[in-house]
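First comes the structure, then the notes that go with it.
The values are calculated or read from the model by the stated rules, or taken from the named source; none is laboratory data. Small disclaimer: the values here were computed from a predicted structure and weren't measured. Backbone-built Cβ (ideal geometry, glycine too); neighbour counts: all protein chains shown.
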Amino acid sequence: MRIDIITVLPELLKSPFEASILKRAIKAGLVEVHFHNLRDYTTDNYKSIDDTQFGGGAGMVMMVEPIDKCISALKSERDYDDIIYMTPDGETLNQSIANQLSLKENIIILCGHYKGVDQRVRDHLITREISIGDYVLSGGELGAAVLCDAVIRLIPGVLGNETSALTDSFQDNLLAPPIYTKPREYKGWKVPELLFGGNFPQIEKWREEQAYLRTKERRPDLLDD
Ligand code: ADE
């Protein structure tokens with residue numbers, strides 16, 4: 001998989017890809033992530049990427065031309081499955097969207113700033129709009145990092161234990177059950193006895209029940225789907 005990220009703040013985005021699982025996935029060649037600075041596609045001496053709104057109103061708007069030039073340059077090199085714009089009014093990211101995107105070959109992610117982008121970018125260049133939640137960030141970069149993390153860890157081979165993504169919260173519309181490790185007892189706080197018995201069908205049944213109970217208590221909305 002290849003991800004091209006268009007941003008005015010590449011330095012804000014780089015560190016999540018330089019540590020832990022994402023770094024390993026890139027090193028292993030399972031994913032390529034490339035950053036493109038929108039200012040490299042400007043045409044004036046000031047390297048402007050934004051301007052005031054037609055019709056008046058507070059806040060600057062990102063201009064169509066540098067974005068179009070950058071996306072066109074990328075599209076001339078390869079085909080893209082999706083060109084995603086990170087925006088608070090997009091569809092809210094969930095595990096199902098992450099699963100879908102993890103199967104794509106090439107995607108572009110455009111990070112917005114200021115008031116957002118000229119609507120013509122969204123009408124003519126973007127194929128999908130994603131929000132990471134009902135709150136407003138100062139730019140799309142942190143949202144793009146969240147999206148990339150959720151997607152990249154699902155690419156086969158990225159997680160050490162292939163099955164572990166399948167038991168994540170949300171994979172079956174259920175939250176994950178409680179988990180424990182050594183010691184068996186700490187300050188009198190005990191691990192449920194049945195986890196020691198080696199009765200794996202019983203343990204599996206307990207985990208399913210716990211996942212259901214936790215979902216019912218914390219996120220009953222997930223059980224409606
Ligand atoms: N840009 C600003 N706010 C955002 C959000 N909630 N999700 C994605 N991109 C954003």
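Would you mind stating whether residue 42 is farther than 16 Å from residue 144 by Cβ, surrounded by 15 or more Cβ atoms within 10 Å (Cβ to Cβ) and modelled with pLDDT of 95 or more? Answer is yes for this residue. Do the conditions hold for residue 161, that is, is it assigned to a loop (DSSP other than H, G, I, E, B), away from the ligand (no atom under 16 Å from the Cβ), free of Cβ contacts under 8 Å to residues at least 12 places away in the same chain and among the polar types (S, T, N, Q)? Yes: the conditions hold for residue 161. If you go through segment 1-25 and pick out every residue that is outside any strand (DSSP E or B), in contact with a strand residue (DSSP E or B) (Cβ under 6 Å, 6 or more places away or on another chain) and surrounded by fewer than 20 Cβ atoms within 10 Å (Cβ to Cβ), you end up with 1. Screening residue 173 on (1) more than 16 Å from the ligand (Cβ to nearest atom); (2) on the phi < 0 side of the Ramachandran plot; (3) outside any helix (DSSP H, G or I); (4) not hydroxyl-bearing (Ser, Thr, Tyr) shows it passes everything except condition (2).
Here 144, 73, 150 are screened, and the one residue that is at pLDDT 95 or above, closer than 25 Å to residue 37 by Cβ and surrounded by fewer than 18 Cβ atoms within 10 Å (Cβ to Cβ) is 73. The residues listed here are 160, 188, 197; of these, the one that is modelled with pLDDT under 95, surrounded by fewer than 10 Cβ atoms within 10 Å (Cβ to Cβ) and either more than 27 Å from residue 16 (Cβ to Cβ) or within 18 Å of the chain's Cα centre (by Cα) (or both) is 197.
Contact annotation: residue pairs with Cβ atoms under 8 Å, 6 or more positions apart or on different chains, pairing a residue in segment 125-145 that is under 12 Å from residue 9 (Cα atoms) and in a loop (DSSP other than H, G, I, E, B) with a partner that is of a type in the set (S, T, N, Q) and within 6 Å of the ligand (Cβ to nearest atom), are 140/87. Taking segment 45-94 as the range and being in a helix (DSSP H, G or I) and within 16 Å of the ligand (Cβ to nearest atom) as the test, only 67 passes.
Within segment 167-178, is even one residue β-branched (Val, Ile, Thr) and either closer than 17 Å to residue 89 by Cα or touching a Leu at 6+ places or on another chain (Cβ under 6 Å) (or both)? Step through it out loud before you land on a result.
First, the residues of segment 167-178 that are β-branched (Val, Ile, Thr): 167.
Adding the requirement that they be either closer than 17 Å to residue 89 by Cα or touching a Leu at 6+ places or on another chain (Cβ under 6 Å) (or both) leaves none.
There is no residue in segment 167-178 that is β-branched (Val, Ile, Thr) and either closer than 17 Å to residue 89 by Cα or touching a Leu at 6+ places or on another chain (Cβ under 6 Å) (or both).
Quick grid of which residues meet (1) at positive phi; (2) modelled with pLDDT under 95; (3) of a type outside the set (Gly, Ala, Ser):
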{"position": "2", "(1), (2), (3)": "no, no, yes"}
{"position": "12", "(1), (2), (3)": "no, yes, yes"}
{"position": "29", "(1), (2), (3)": "yes, no, no"}
{"position": "32", "(1), (2), (3)": "no, no, yes"}
{"position": "35", "(1), (2), (3)": "no, no, yes"}
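Quick check on segment 190-201. Is at least one of its residues out of contact with any helix residue (DSSP H, G or I) (no Cβ under 7 Å at 6 or more places or on another chain), in a strand (DSSP E or B) and farther than 23 Å from residue 31 by Cβ? Steps first, please.
Step one: filter segment 190-201 for residues out of contact with any helix residue (DSSP H, G or I) (no Cβ under 7 Å at 6 or more places or on another chain), giving 190-193, 196-201.
Pick out the ones that are also in a strand (DSSP E or B) and you get 190.
With the extra rule that they be farther than 23 Å from residue 31 by Cβ, the set shrinks to 190.
Yes: segment 190-201 contains one or more residues that are out of contact with any helix residue (DSSP H, G or I) (no Cβ under 7 Å at 6 or more places or on another chain), in a strand (DSSP E or B) and farther than 23 Å from residue 31 by Cβ.
Selection of first residues in segment 213-225 that are touching a residue at least 40 places away in the same chain (Cβ under 8 Å) and of second residues that are assigned to a helix (DSSP H, G or I) and surrounded by fewer than 12 Cβ atoms within 10 Å (Cβ to Cβ), restricted to Cβ pairs under 9 Å at least 6 apart or on distinct chains, gives the following pairs, ordered by first then second residue: 215/223. Pairs meeting the criteria (first residue in segment 74-94 and free of Cβ contacts under 8 Å to residues at least 12 places away in the same chain, second residue near the ligand (Cβ under 10 Å from one of its atoms) and part of a helix (DSSP H, G or I), beta carbons under 7 Å, at least 6 apart or on different chains) are lacking.
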